[in-house]
Amino acid sequence: MSPHLANGLTVIPPALVPCCFVTSVIFIVGLLVPSLAIRRVFFLCMVAIDTFIAFFATVGNPWQDHGLANTYVSQLLLACDFLVLHDPQRDYHRIDETKYRDLPWWKRIMWAFELSTNMRGIGWNWEAAKVHPPHPSDSMGRFRFVLRQVVRWAFAYVIGDLKLTLFRKRPACHAGGSFFQDGPGWLTLYVAAFYSDISFGMILTHSLLAGVCVLLGISKPSHWPNLFGGFQQAYTVRRFWGRAWHQLCRQFLTANAQFVSRSILGVKKGNPLLRYLELYLTFFLSGAVHWVGSYALLRHHTGANRTMLFFLLQAAVITLEDFIVAFGKRLGIKDGWSVRLLGYVWVVAWLVLLTPIWTEPLVKAGFLELSHQNEFSLVQGIWEGKWHPGYERTGL
């Protein structure tokens, strides 16, 4: 770490940025340790290192600070599940392999590496298979699967490039801008572009990794179900977050929420309050992950607190939604295309209404602008001859 300070933060030189991921090594080694007491020590070391980097250090780019902080907290919650709340060597194993105690030493290392990085548990005995998109069939063959990933990558790139073109050309998306400044129609488009920025960026990475790993024979097509369930799943807010959106956080959010509700608060299964207690705890923990990311970008609590509010309001909307659905069933209203169409409108309306609570401080701080500086653009290159366009300031 560099001793130099900027605004009270320790500056991490670019050459030392990879050292930020030393906690990933600690996590992997901790999984190989049989003693719970020692695993807890490893976990506390991770907490100390990640707390320092997230709150007291910077890599010099607020957008990168945001991404790293989100990664740190997600990893800590996953490590809490695997190193503290469970005995990983006893409880977790790949479905196609024997349990940990029967693995040779080199496979134990691979087991620990994959367990610490496979956020959805694909191919493991703890995968929440019912909420994931269907696994591709291995019978499709390697090259057909790779071709499909190439198409997915290209589609995600074009949509992402269109979204970035919008960000570059609209002052509302620039530092100091506001999603509200151009009226409700543009607000809806900006919110859609914000979620596209997250989702299609993740699809780019996922499709690339899937294609490369299957092409090289490292994994099978069945190990790579799609990352998102698709908007067709999102006819309720509950299903938007639980089925349509990525499920990378499900395991550690659910495990930690259940620990708090059942072990600390002592609420037993069968208690009608348990479902909603764990719902609010899950969104509170998700809010905490994103709160740290927002704080790392903004370096003040006010804007970060709005991030937490956004996620807690999702739980409140789902509570209201469950009441409305139950009331509708009592009136004899049955599921059908018209009901689902109304559900899609309901979901979009709530996202457009609530998302700016989260995004406004980030946009004003330049989150969208910082994340995509002078990237290659196929859309603007063909359209305007600007292959590495910057953000346009003529509207300000």
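None of the figures in this text is laboratory data; all of them are computed from the coordinates on show. Keep in mind that what you see is a predicted model, and the values were worked out from it rather than measured.
Viscosity 1.567 mPa s, temperature 4 °C: what is the translational diffusion coefficient of segment 112-169 from Stokes-Einstein with a Kirkwood Rh over Cα pairs, rounded to a whole number of µm²/s? Write down the numbers at each step before the final one.
Numbers: Rh = 14.4 Å.
It diffuses with D of about 90 µm²/s by this estimate.
Work out, in µm²/s and without decimals, the Stokes-Einstein translational diffusion coefficient of segment 216-349 at 20 °C, 1.002 mPa s, Rh from Kirkwood over C-alpha pairs.
Working: Rh = 17.1 Å.
The Stokes-Einstein estimate is 126 µm²/s.
For G366, list long-range residues whose amide hydrogen, built 1.01 Å from N in the peptide plane, is under 5 Å from its own amide hydrogen.
Residues meeting the criterion, in which the H sits 1.01 Å from N, are G176.
Would you grab the residues whose amide H sits under 5 Å from the one on A57? Only those 5+ places off in sequence or on another chain, please, with H modelled 1.01 Å from N.
T10
Tell me, how many Å apart are the Cα centres for segment 23-80 and for segment 319-346?
Measuring centre to centre over Cα atoms gives 42 Å.
Working only with C-alpha atoms, what are the Rg and Dmax values of the chain, expressed in angstrom?
So, for the chain, Rg and Dmax equal 22.2, 68 Å respectively.
Take segment 5-127, compute every pairwise Cα distance, and split them into 5 Å bins from 0; I just need the percent in each bin.
Here the calculated profile for segment 5-127 is 2, 11, 20, 20, 16, 12, 9, 6, 3, 1, 0.
Can you work out D for segment 253-301 in µm² s⁻¹ from Stokes-Einstein, where Rh is the Kirkwood radius over C-alpha pairs, the temperature is 4 °C and the viscosity is 1.567 mPa s? Write out the running numbers ahead of the final one.
Details: Rh = 11.7 Å.
Reported coefficient: 111 µm²/s.
Consider just the alpha-carbon atoms of segment 40-101 and return their Rg together with their Dmax, both in angstrom.
Considering segment 40-101 through its Cα atoms, Rg and Dmax are 15.1, 45 Å.
Give me, ordered by chain and number, the residues 5 or more places off W126 or on other chains with an amide H under 5 Å from its own placed amide H.
Result for W126 returns H93.
I want to verify a result. In a Gaussian network model of the chain, Cα cutoff 10 Å, which of these has the top mean-square fluctuation: Q314, Q233, Q380?
Among Q314, Q233, Q380, the largest GNM mean-square fluctuation belongs to Q380.
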